[in-house]
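This report concerns only the one structure given below.
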Amino acid sequence: MSSFRAIRIDKTDSGSSAAYAEFDDADLMDGDVTVRVTHSTVNYKDGLAITGKSPVVRRFPMIPGIDFAGVVETSQHRDFKPGDAVVLTGWGVGETHLGGYAQRARVKGDWLVPLPAGLSLAQTMAIGTAGLTAALAVMALERHGLKPADGPAVVTGAAGGVGSVGVVLLAKAGWHVVASTGRPGEATYLKGLGAAEIIERRDLSAPGRPLGKERWAAGIDSVGSHTLANLLSQTRYHGAISACGLAQGFDLPTTVMPFILRGVALLGIDSVHCPRQKRRDAWARLARDMDAGSLAGMTTTIGFDQVIATAHDILDGKVRGRVVVEIA
Ligand code: NDP
């Protein structure tokens, strides 16, 4: 096959536009491994890239899709050979390097992770960047020394991708999970994932006080802005919040009070350039803790043709949990 189907983003006078197109092998960028893509997913960042609502795409034309899973076709990399099942998340793929919404991808072998034992290619995309980020967030809280006996753990944007996987991982580790959502109708869904309590998004999203009543020992925030400020101001003595997202906003209108009076820690989470060993450890944790039932319960599977519409839906907060895209 010398040509393949992909989503193509082009620069336009008003920003950018995305459409399905035929691509040629010769257009693929440098890399030592070529992969037949079988599955991808739709993350929040993919929504930003496809709709052009935020300038995440840095090269045109671009194939979006920050994650993919598939089978190696050719490899000059020592760790991979034709037929190997592999997973890619991040590294600027879909932003600066041609991405996963394509039947074929060529990338650096150093960016790939072998299919984690116990997971299928489709399941790795049910987890994807969002799930990997949730795992990194949980592991950061644990590295900080926090444990379930210290008090509850809060998860914001709980019905979203990072949030849903975060709820499962924390509950599996024994935490009392407080899930914050703007979709109270998803309470049954969130309790099914392991949430012990549901609180409304608006409890946390408005400007708050520099220090509030201590409510939780730990948290995972995919929302930012006043929500993250309130999370910090309501964190118990020596607790910590893993910050990974900006669904409400990228501002952080906080004060130093939680840090200097309660020793609260703010732990930054980046999945894009996360080093390989940490990445493999996080995948091993996900393979161990994401049981097939929970994963299936939070996942919607769509065809390649539905990606552009779903990209709009995720920014509108209409996607619950995670999405798997069948590319093949
Ligand atoms: P989703 O869209 O799946 O989840 C985001 C959730 O945030 C929504 O489901 C909704 O949850 C909540 N939300 C949406 N809009 C608002 C709002 N205006 N105010 C408060 N809450 C809101 O996205 P992902 O889970 O894929 O990503 C979540 C965030 O994490 C994004 O900002 C993304 O860019 C970031 N991210 C960062 C990574 C990193 O490496 N640091 C990697 C992956 C993601 P509910 O309906 O339950 O309220």
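The values are calculated or read from the model by the stated rules, or taken from the named source; none is laboratory data. Being a predicted model, the structure only gives us computed values, none of them experimental. Note that we place each Cβ from the backbone using ideal geometry, even for glycine, and neighbour counts take in every protein chain shown. Just the protein is used for accessible areas: all its heavy atoms, side chains included, with ligands, DNA and RNA removed. Shrake-Rupley method; radii C 1.70, N 1.55, O 1.52, S 1.80 Å.
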Inset, instruction - Compute the long axis of helix 121-143 from its Cα atoms, compare it with the longest principal axis of the Cα atoms of the chain, and write down the angle in degrees, 0 to 90, nearest 10. - result: 40 degrees
Inset, instruction - Report, in debye and to the nearest 20, how large the dipole of the stretch 1-153 comes out about its Cα centre when Lys and Arg carry +1 and Asp and Glu carry -1 on their Cβ. - result: 200 debye
Inset, instruction - Could you tell me what percent of the DSSP beta bridges with both partners in the chain are antiparallel, to the nearest 5? - result: 55 percent
Inset, instruction - Return the lysines within reach of K11: Cα separation strictly under 17 angstrom, same-chain partners fewer than 8 residues apart disregarded; answer none if there are no such residues. - result: K53
Inset, instruction - Could you work out which residue, out of I127, I308, I220, moves most in a Gaussian network model of the chain, that is, has the largest mean-square fluctuation with Cα springs under 10 Å? - result: I308
Legend entry - the stretch 190-269: trypsin sites (Lys or Arg not before Pro) in DSSP coil with no more than 11 other Cβ atoms inside 10 Å: K213
Inset, instruction - In whole Å, largest first, what are the principal axis extents of the Cα atoms in the chain? - result: 61, 45, 35
Inset, instruction - Kindly provide the trypsin sites (Lys or Arg not before Pro) of the stretch 55-111 that DSSP labels as loop, not H, G, I, E or B, and whose Cβ sees at most 14 other Cβ atoms within 10 Å. - result: R58, R59, R78
Inset, instruction - Would you calculate, for the chain, the mean residue ellipticity at 222 nm contributed by helices, counting each DSSP H stretch of 4 or more residues as -39,500 (n - 2.57) and dividing by all residues, to the nearest 500? - result: -8500 deg cm²/dmol
Legend entry - Point-charge dipole on Cβ atoms (K/R +1, D/E -1) for the chain, about Cα centre, debye to 20: 840 debye
Legend entry - Of all DSSP beta bridges in the stretch 128-268, antiparallel share, percent nearest 5: 0 percent
Inset, instruction - Give me the angle, in degrees from 0 to 90, between the Cα long axis of helix 276-289 and the longest principal axis of the Cα atoms of the chain, rounded to the nearest 10. - result: 70 degrees
Inset, instruction - Set the Förster radius R0 to 30 Å, insert the Cβ-Cβ distance between E200 and T96 as r into 1/(1 + (r/R0)^6), and round the FRET efficiency to 0.05. - result: 0.20
Inset, instruction - Using only Cα atoms, find the angle between the long axis of helix 161-172 and the longest principal axis of the chain, and express it within 0 to 90 degrees, rounded to the nearest 10. - result: 60 degrees
Inset, instruction - Could you quote the convex hull projected area for the stretch 128-268, Cα atoms only and averaged over all directions, in nm²? - result: 7.1 nm²
Legend entry - Volume of the Cα convex hull of the stretch 9-79, divided per residue and given in Å³: 114 Å³
Inset, instruction - Please provide three numbers in whole Å: the alpha-carbon extents of the stretch 1-159 along the principal axes, with the largest listed first. - result: 57, 43, 21
Inset, instruction - Would you tally the net charge around L132, using a Cβ to Cβ cut-off of less than 12 Å, leaving L132 out, and scoring K and R as +1, D and E as -1? - result: +2
Legend entry - Accessible area, probe 1.4 Å, largest first, for residues V178, V256: V256, V178
